[in-house]
Amino acid sequence: MSMTDSAVFISSSSRDRVDHDVFISYSRRDSEFARHLLTRLKGENRDAWVDWQAIEAAEDFWQAIEVGIEAANTFVFILSPDSVTSKYCNQEIDHAIKHNKRLIPVVCRDVDVTAIHTALRPLNWIFLRETDDDAAFAQLVRAIDTDLPYVRMHTRLQVKAIEWNKRGRDDSFLLRKRDLSDAETWFGGSTGKEPTPTALQHEYITTSRTAEDEYNQLLTRGEQARQRVKWAAIVVPVAVAIASVAGIFAFVETQKANVAVQTATFAEKRAIDAEKRIALANQRAIDADQNANRADQNAKNAETKRKGADQQRKLAEAKLTSAETRQVDAERKATQAEQAQQRAQVTLKNQETKLIAINTDLQQKKQSLRDVWRFSDAWVESLQGRNESALKILNTLLQRNPRNTFVLVGQGFVYGRQMRDYRNAEAVLRQATRIDPEDPIAWLFLGSTLSDQKKLDEAIESFQKSIKLDSSNVQAYNNLGYALYQHNKLDAGIKAWQQAIKLDAQNAMAYYGIGNALYQQNKLDAAIAAFNKAIALDPKFAGAYNNLGNALKDQNKLDEAVEKYQQAIKLNSTMAAPYVGRGEAYFKLQRYTEALADLNRAIDELGYKKERVLKLREQVRREMK
């Protein structure tokens with residue numbers, strides 16, 4: 001069978017739509033039947049893909065098929081002996097199953113059941129053979145329209161997730177703000193619905209939430225960096241003032257040393273004068289002795305001259321002693337002056353060292369300020385999608401200081417969150433933790449990167465290290481709680497969320513997580529208290545209202561449960577769960593008409609077709625007879 005045995009209808013009126021009501025898979029030998037079916041669907045304002053021309057290039061052909069299936073809300077397969085044996089038709093079924101598309105088999109000719117794809121065998125077939133009546137076509141239209149808002153959201157999220165995945169998981173394609181909130185509400189209300197969410201959708205929504213939380217945290221860190229810049233602006237003038245005071249102190253000490261030197265010089269001059277006077281006294285003593293000798297020759301005059309000479313000698317000796325005393329005192333003062341000068345020189349040396357240290361510190365602070373400004377430039381470049389430019393800036397900073405963990409964490413964020421290059425992201429973040437094992441933010445980002453790679457055990461260990469280093473990190477506790485809950489470690493998850501609440505009392509999601517864990521443990525009173533707290537913090541939390549209604553219903557507080565279900569429906573009318581819960585409560589209250597209306601809404605309109613709910617509806621009908 002050639003490639004043209006399978007074809008896709010692409011109507012010209014629907015090419016620009018994000019989603020389509022129907023993708024029709026068929027064998028080329030059933031073209032007339034497919035053309036007739038398309039005409040009838042268009043008459044009911046339902047659009048489908050139509051292209052009556054065969055696609056020649058195999059690559060273009062299959063790419064068009066994939067896009068058509070991914071963008072369709074419902075996959076209709078025309079059953080015939082030719083289509084069930086067609087290789088390409090079966091490939092289309094496989095691709096639809098891969099993306100959890102709603103499958104509707106339509107029989108145009110009788111087929112051998114054993115030849116049909118296993119995914120189609122257990123489904124309800126719609127018979128549109130020539131011998132069948134128009135009721136079957138009406139049944140097809142109802143099947144296409146069942147729970148249509150839910151199915152359309154399923155299609156839109158899958159298309160966005162596929163685009164995100166094909167673009168290398170670029171963060172610019174992630175959900176933000178209201179879109180993310182709507183997606184999380186849709187995912188929370190998907191229990192029991194068909195088609196079920198795909199693994200890619202779940203990963204897309206989870207990754208969007210993680211990126212949103214990390215974005216908010218990085219904004220907080222940016223604000224902290226700006227505060228540090230403000231403090232630096234205060235520190236620099238103070239340091240300059242200290243340097244000025246030190247200079248003045250050094251000048252005063254130098255002046256003191258100069259005065260001491262001058263004093264020593266003066267004392268030395270006086271000592272020299274004393275020595276001269278001593279020499280003069282000695283000469284006079286000699287003259288006196290000579291006079292005494294001459295006086296000896298003259299008896300009368302000799303004694304008088306001797307006494308005069310002795311008196312002069314004693315006076316000279318007294319003067320000599322005084323001169324010697326002054327000389328010793330001058331030497332002592334000169335020594336003291338020299339010591340004072342040495343102390344002044346040491347003080348001056350110390351002040352010069354301090355001035356050099358202050359100047360070095362000022363230069364380092366100026367460089368740190370320039371690094372903070374450059375990091376901010378890199379952050380702006382990354383947020384605007386210019387990741388290569390951001391990495392270039394960060395690499396320049398790392399060349400100047402390869403041990404700057406702040407810059408390494410920023411580089412890890414760009415690689416991981418922005419470029420989805422998890423290998424490089426993990427490498428630089430592990431390098432940051434090796435350089436500074438005490439950096440809690442480095443461990444937190446490493447945990448997020450490991451979580452993105454599904455290395456959950458290592459991720460939990462990283463979150464715990466981050467918390468050990470910084471017990472005030474709310475995001476670390478939130479991430480740890482979610483990871484533990486995913487591992488069904490409910491008590492441990494509750495403890496992590498409780499700690500997050502201690503740090504942020506307005507954390508509605510933490511209370512909601514605790515409520516769900518307690519409900520799973522059948523601790524209904526505690527679960528109700530947690531759900532009420534979550535609602536108080538976020539009055540538009542539809543999921544919290546629904547789960548609160550479930551807990552109240554389990555306690556047989558039926559009127560209260562009905563009230564909570566009504567509030568959940570008011571906030572999100574496309575959720576089937578609150579209709580089912582309120583229907584069960586009405587049944588217990590014997591309000592059968594209201595119970596039947598809610599169950600019909602959940603089953604027929606929102607596609608909630610669990611066996612338990614179907615049996616309950618039959619029971620309600622029996623009670624109404």
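The values are calculated or read from the model by the stated rules, or taken from the named source; none is laboratory data. Everything numeric in this text was worked out from a predicted model, so none of it was measured. Please note: Cβ atoms are built from the backbone with ideal geometry, for glycine as well, and neighbour counts cover all protein chains shown. The area values use the complete protein model at the heavy-atom level, side chains included, leaving out ligands, DNA and RNA. Shrake-Rupley method; radii C 1.70, N 1.55, O 1.52, S 1.80 Å.
Okay, here's what the table says:
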| quantity | calculated |
| --- | --- |
| Matching option when the condition is modelled with pLDDT under 80, part of a helix (DSSP H, G or I) and small (Gly, Ala, Ser), among Ser31, Ser13 | Ser13 |
| Residues of segment 142-173 that turn out to be open to solvent by 20 Å² or more (accessible area, probe 1.4 Å) and in contact with a Leu (Cβ under 8 Å, 6 or more places away or on another chain), as a count | 2 |
| Qualifying residue in segment 81-90 (condition: of a type in the set (Asp, Glu) and either touching a residue at least 40 places away in the same chain (Cβ under 8 Å) or part of a helix (DSSP H, G or I) (or both)) | yes |
| Residue in segment 593-603 that is buried (at least 23 other Cβ atoms within 10 Å of the Cβ) and in contact (Cβ under 8 Å) with a residue 60 or more places away in the chain present | no |
| Evaluation of Tyr485 against (1) in a helix (DSSP H, G or I); (2) more than 16 Å from the chain's Cα centre (by Cα); (3) surrounded by fewer than 20 Cβ atoms within 10 Å (Cβ to Cβ) (one fails), failing number | (3) |
| Members of segment 66-89 found to be open to solvent by 10 Å² or more (accessible area, probe 1.4 Å), more than 24 Å from Asp19 (Cβ to Cβ) and not charged (D, E, K, R), listed by number | Pro81, Val84, Thr85 |
| Matching residues, segment 461-482, being open to solvent by less than 20 Å² (accessible area, probe 1.4 Å) and either among the hydroxyl-bearing types (Ser, Thr, Tyr) or out of contact with any Pro (no Cβ under 8 Å at 6 or more places or on another chain) (or both) | Ser462, Phe463, Ser466, Leu480, Gly481 |
| Residue, farthest from Ala71 (Cα to Cα), within segment 148-170, restricted to residues that are part of a helix (DSSP H, G or I) and without any contact (Cβ under 8 Å) to a residue 24 or more places away in the chain | Lys166 |
| Leading residue by the ranking (farthest from Gln499 (Cα to Cα)) among those in segment 435-459 that are β-branched (Val, Ile, Thr) and open to solvent by 20 Å² or more (accessible area, probe 1.4 Å) | Ile435 |
| Residue in segment 477-536 that is nearest to Gly188 (Cα to Cα), counting only those that are touching a helix residue (DSSP H, G or I) at 6+ places or on another chain (Cβ under 6 Å) and of a type in the set (D, E, K, R) | Lys533 |
| Test: residue in segment 556-577 that is under 16 Å from Ser190 (Cβ atoms) and of a type in the set (Val, Ile, Thr) | yes |
| Residue match in segment 605-615 (condition: of a type in the set (Lys, Arg) and not in a helix (DSSP H, G or I)) | yes |
| Condition check for Gln53: modelled with pLDDT of 55 or more, of a type outside the set (Val, Ile, Thr), open to solvent by 90 Å² or more (accessible area, probe 1.4 Å) and more than 26 Å from Gln139 (Cα to Cα) | no |
| Checklist (1) under 30 Å from Asp110 (Cα atoms); (2) without any contact (Cβ under 8 Å) to a residue 12 or more places away in the chain; (3) open to solvent by 60 Å² or more (accessible area, probe 1.4 Å) applied to Asp132, failing item | (3) |
| Any hit, segment 590-599, residues being within 20 Å of Glu184 (Cβ to Cβ), modelled with pLDDT of 95 or more and part of a helix (DSSP H, G or I) | no |
| Unique match (being among the aromatic types (Phe, Trp, Tyr) and either out of contact with any Lys or Arg (no Cβ under 9 Å at 6 or more places or on another chain) or under 26 Å from Met624 (Cα atoms) (or both)) among Tyr545, Tyr565 | Tyr565 |
| Residues located in segment 178-222, provided they are within 29 Å of Asp145 (Cα to Cα) and surrounded by fewer than 16 Cβ atoms within 10 Å (Cβ to Cβ) | Arg178, Asp179, Ser181, Asp182, Thr191, Thr196, Ala199, His202 |
| Contacts under 7 angstrom Cβ, first residue in segment 502-529 being of a type in the set (D, E, K, R), partner open to solvent by 30 Å² or more (accessible area, probe 1.4 Å), 6 or more apart | Asp504/Val474 |
